[in-house]
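The values are calculated or read from the model by the stated rules, or taken from the named source; none is laboratory data. The shown structure was predicted, so the numbers you read here are calculated from the model rather than taken from an experiment. Glycine gets a Cβ as well: all are built from the backbone with ideal geometry, and neighbour counts include every protein chain shown. Note: areas computed on protein heavy atoms with side chains; ligands, DNA, RNA excluded. Shrake-Rupley method; radii C 1.70, N 1.55, O 1.52, S 1.80 Å.
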Amino acid sequence: MRTSLSHRYLTVGAGALVLALVQPGTARAGEPVPPPSGIRTAADVRGLDVSSHQGEVDWPAVAAAGASFAYVKATEGLTYKNPYFAQQYNGSAAAGLVRGAYHFARPDNSGGAAQADNFVDSGGTWTADGKTLPGALDIEHHPVPGAPVCYSLGQGAMVDWISAFVERYHERTGRYPAIYTTTDWWSQCTGNSAAFAAKSPLWIANYNGTPAPLPKGWSAHTVWQHARSGTFPGDQNVFNGSLEDLRTFAKRDYTPPPTVAWPIVKQGQKGPHVTAAQYLLNARGAALEVDGAFGGATRAAVVAFQEANGLGADGIIGPKTWQALITTVRSGSGGDAVRAAQSLLNSHGATLQVDGLFGAGTRDAAVSFQKSRNLTPDGIVGPHTWQALLS
């Protein structure tokens, strides 16, 4: 969730989305892994979101930092308009960013169609000029502390409200709006409805190191809000695709690649994920027998690693622990991290000797795997390749 200042009270809203194109730098073995790595693309299209809470934004500075586009909060409910909308919306465009607008839903004070009209009439429209993103509906927890999370609507009534907004927006603009939400709210307040997955792009908020799990019906997200703070002012986001894909999304419907999630590995499990984890733990100083079985010793090693790295010490290897464990390996690298990569490549069809030496055979196997997953075929096992190997 995000905080944005409304005309009467402090709300928790979607803010505006600004995604920055960052050319990928490949960390060498032992270097920190740049977060997030939940998207399989040749270059992460990354950024931030702002609203009236951020006030006037220095868009030239944002553009100079590599931003590619912005979503700007336009409206909330039936009457509220962002007082900084013109500066944020027009300023981002003037700085060369592709821009769009979003509406914070208030199902408790008026109907969906009426709020869609207010949104469109207040700057939330869309045109196929290649510079304007489809509008977004931010539908999430009630912004007023103590108020009903689902705005006093039943699940069926909430689905009807969203449908009224989505259909009216489509009627007015020719595009279906993106939907910003969290999986927990969507499940609780819509009954995990799949009614909109074939129409509206998904803008998912999840701060656990991966965009998954997604609400029912969506096999892929288009935008992932992964942190409340970071490089840019406001919340941090990643677009699921390339810069070219972003431009496509601005012009017409866009189908993002399926969402890739880090696996959850815990005591009692067996298999290649456990084998890789044991090798990676050994690369970080453990002394485990690598047998592919997650027993008490492996759990103790995971807890020790988590405690040493400021992670939740629950003994379960989830997204954040994986991202702390992995290290980039390439030609010339050696050791247990290479063994982890070799064992995973073998689980995907390679026939490597798991010897901990990153030679020509391992590089060729990595290139072949990367090509099969539409990754940059550079033969380097970095964050995206690790995640694909573990998916």
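Quick notes on this structure:
- Wholly within the range 51-145, helices (runs of 4 or more DSSP H) carrying at least 3 residues that are open to solvent by less than 20 Å² (accessible area, probe 1.4 Å) and without any contact (Cβ under 8 Å) to a residue 60 or more places away in the chain: 112-121
- Qualifying residue in the range 117-129 (condition: more than 22 Å from the chain's Cα centre (by Cα) and of a type in the set (A, V, I, L, M)): yes
- Residues in the range 218-260 that are out of contact with any strand residue (DSSP E or B) (no Cβ under 9 Å at 6 or more places or on another chain), at pLDDT below 90 and under 20 Å from Ala194 (Cα atoms) were compared, and the one that is surrounded by the most Cβ atoms within 10 Å (Cβ to Cβ) is Val260.
- Matching strands (runs of 3 or more DSSP E) fully within the range 170-239 where at least 3 residues are in contact (Cβ under 8 Å) with a residue 24 or more places away in the chain and within 12 Å of the chain's Cα centre (by Cα): 202-205, 223-227, 235-239
- Output for the range 93-149, where each listed residue is closer than 18 Å to Glu171 by Cβ and of a type in the set (A, V, I, L, M, F, W, C): Ala101, Ala105, Ala113, Ala114, Ala116, Phe119, Val120, Trp126, Ala128, Ala136, Leu137
- Residue count for the range 32-56, restricted to those that are modelled with pLDDT under 55 and touching a helix residue (DSSP H, G or I) at 6+ places or on another chain (Cβ under 6 Å): 3
- If you check Thr385, Thr376, Thr362 for being modelled with pLDDT under 95 and part of a helix (DSSP H, G or I), only one passes: Thr385.
- In the range 151-165, the residue that is least open to solvent (accessible area, probe 1.4 Å) out of those that are in a loop (DSSP other than H, G, I, E, B) and in contact with a Pro (Cβ under 8 Å, 6 or more places away or on another chain) is Tyr151.
- Hits in the range 345-373 - residues which are open to solvent by 70 Å² or more (accessible area, probe 1.4 Å) and among the hydroxyl-bearing types (Ser, Thr, Tyr): Thr351, Ser368, Ser372
- Qualifying positions in the range 319-342 - part of a loop (DSSP other than H, G, I, E, B) and open to solvent by 10 Å² or more (accessible area, probe 1.4 Å): Thr327, Arg330, Ser331, Gly332, Ser333, Gly335
- Residues (part of a helix (DSSP H, G or I), more than 17 Å from Ile326 (Cα to Cα) and either touching a Lys or Arg at 6+ places or on another chain (Cβ under 6 Å) or aliphatic (A, V, I, L, M) (or both)) located in the range 283-313: Ala297, Ala300
- Residues of the range 73-92 satisfying the condition of being over 16 Å from Thr173 (Cβ atoms) and not polar (S, T, N, Q): Lys73, Glu76, Gly77, Leu78, Tyr80, Lys81, Pro83, Tyr84, Phe85, Ala86, Gly91
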